[in-house]
Structures are given as structure tokens and as C-alpha cells.
Amino acid sequence: MPKVKHLKRSAITAAVDSKPIKHSKPSSRVLEILRKVRREYQANRDPTYAAWSKKYMRNKFEFFGLKFPKRRALDKQVISASPILDVEDIYDLVGLLWQQEEREFHYFAIDYAVKFRDVLSCDAATCLRSVECGRQLLITNSWWDSIDLFTPKVIGYFGSKYPKEVIPILDQWIKDDNMWLRRSAILHQLNYNENTDKERLFRYCLLTGHEDEFFIQRAIGWALRNYLRYNRKDVKEFVKKNEAKLSPLSVKEALKHA
């Protein structure tokens, strides 16, 4: 087994990068939803939990301090009382939410994209535009929480719906200089279960298995461990055969429940 390497965090500490998402002048419908979300979040903020959340996320973001059940209830309340948006409005809403300072706005954007992912992928051309929008989200205000919430439920969903159009893009992401795009490529099949493309998963793991990046090593282990539930034999054989090409952390995480 190879020697354990120090886990570099250069890309991690520089994660909140890239340029802001461009969007057109938002409609009144979009602005009203943004106002509703802000009003509800401010009315229910918890300074103590906000301080804890900020520290937990290594001071990367500000927080209102809304615990998950409360935030999810407020989100459902806002969405149910708001008109259904078309594709262009969704792009604008998500872009505006992503520019806000508090992290809960970003969570709302992800939940909204998940809820209306069929609108965002109503045809192949729209789906490709949505993938590009998603790429901007993944490389802006990036951290593990947004990557892991957004990738399987949105990018992965697009890939399963339009594989011929979307999968070649993920084949590019796995080689991208941006660490978060590589992590997204590794994790996009988490919800594919028994339909996982085994060869692509294993290939992505080998392409990034040499990396010292902590979040890449963990992603490899997570993706393999998840697929092990559906194909124990092949995953165990893959890890055993390629143990020298994977980090000890990836191997440990992959075989945690073997």
C-alpha cells in the first residue's frame, strides 16, 4: 500500500472562486420570490446557530441560522405561494439567489432546481443550457455542501435523461483544472444505483486516484462505496486490483461496508 500523503488544501481554500453568474434583467415574478425568501429567512433567523454554521463551514459563508427542517418548511411555503416560473425565469432566480451572501439562499436555489429539473431539461438543447448554468453554480461559491446537494440530483439527473448530450461534458469535467468539477463528475452517478455505468465510474476513479486533494479522495471512496451496495464483487475486485493507484483514504472509504 502506498505511503499516506499529506492532504493538500490549496484548491479547497481557494474554492470560492470564478466569476458571477450572468443573468438578464429579472422579471417581477423572480424578484418577488427573492423578496419572500429573504423576508421569511430574516424573520426566522437564529444568531446562535448561524454562528455555529459559519464556523462549521470554516467561515466561508454567512448564515441566517436556519436548521434544515425549518428551512425546508419555509422553502415549501414560499414555493407553494409563488407562480411557476419558465426556464428563463428559473435561470434568473437561481443566479440571483447564488449571488446572495447567506448560504441558505444557495440551498434554496438548489432545492428549486431539483424541484423543477424537468422544466430545466424539457428538451436536449435546454438541458445543455441548464448544465452550463449548473457548471457556473458548481465553480462559484463552491464548497462540499453545494456540490454534494446539487450534483447527484440535478447534473446526474440531466445525465440520465440525455446521456448522449450530457455525459461527454462530464468526461471533460473529470479532467478539468477545477477540483469541484472533477468531484462532481465522480459523484454524478450516486443516484444511478444498479444502473451505474461501472466502466465510467472506475475510469473516473483511476483518472483522479493519484490526487492529494482531500475532497477528491473522499469522493472516490464515497462513489465506490455507494456502488458496492449494488455490485459488491466488481467494486471489491477493482479496489484490490488498483489499490496502489488509489489513496489509502479512498480505499478505506470504498470498503467501509464491504
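Since every read-out is calculated from the coordinates, none of them should be taken as a lab result. Everything quoted here is computed from the prediction, not taken from an experiment. Counting neighbours? That spans all protein chains shown, and the Cβs are built from the backbone with ideal geometry, glycine included.
Between 174, 79, 216, the GNM of the chain built on Cα springs shorter than 10 angstrom shows 79 fluctuating the most. For the range 190-247, a simple Cβ point-charge model (Lys and Arg +1, Asp and Glu -1, everything else neutral) yields a dipole of about 280 debye relative to the Cα centre. Remark: for residue pairs 175/245; 161/236; 161/241, the C-alpha separation exceeds 26 Å in 161/236; 161/241. Both radii come from the Cα set of the chain: Rg as radius of gyration, Rh as Kirkwood radius; their ratio Rg/Rh reads 0.99. Straight-distance candidates among the aspartates and glutamates for linking to residue 164, with alpha-carbon spacing under 15 Å and chain neighbours fewer than 8 residues away dropped: 123, 197. Mind pulling the angle between the C-alpha long axis of helix 232-241 and the longest principal axis of the chain? Nearest 10 degrees, somewhere in 0 to 90. Around 60 degrees separate the two axes. With R₀ set to 22 Å, the beta-carbon distance separating residue 70 from residue 191 gives a calculated FRET efficiency near 0.30. Projecting the Cα atoms of 100, 128, 143 onto the charge dipole of the chain, computed from C-beta unit charges around the Cα centre, puts 143 farthest toward the positive end.
Once both labels are positioned 7 Å from their Cα atoms along Cα-to-Cβ, the gap between residue 28 and residue 210 label points is 5.9 nm. About the centre of its Cα atoms, the chain shows a dipole size close to 940 debye [charges on the beta carbon of Lys, Arg (+1) and Asp, Glu (-1) only; nearest 20 debye]. Between residue 62 and residue 81, the simple label model (points 7 Å from Cα in the Cβ direction) yields a spacing of 2.3 nm. Near residue 167, once Lys and Arg are set to +1 and Asp and Glu to -1 for all other residues with Cβ below 13 Å from its Cβ, the sum equals 0. With a cut-off of 10 Å between beta carbons, the residues surrounding residue 203 carry a summed charge of -1, where Lys and Arg count +1 and Asp and Glu -1.
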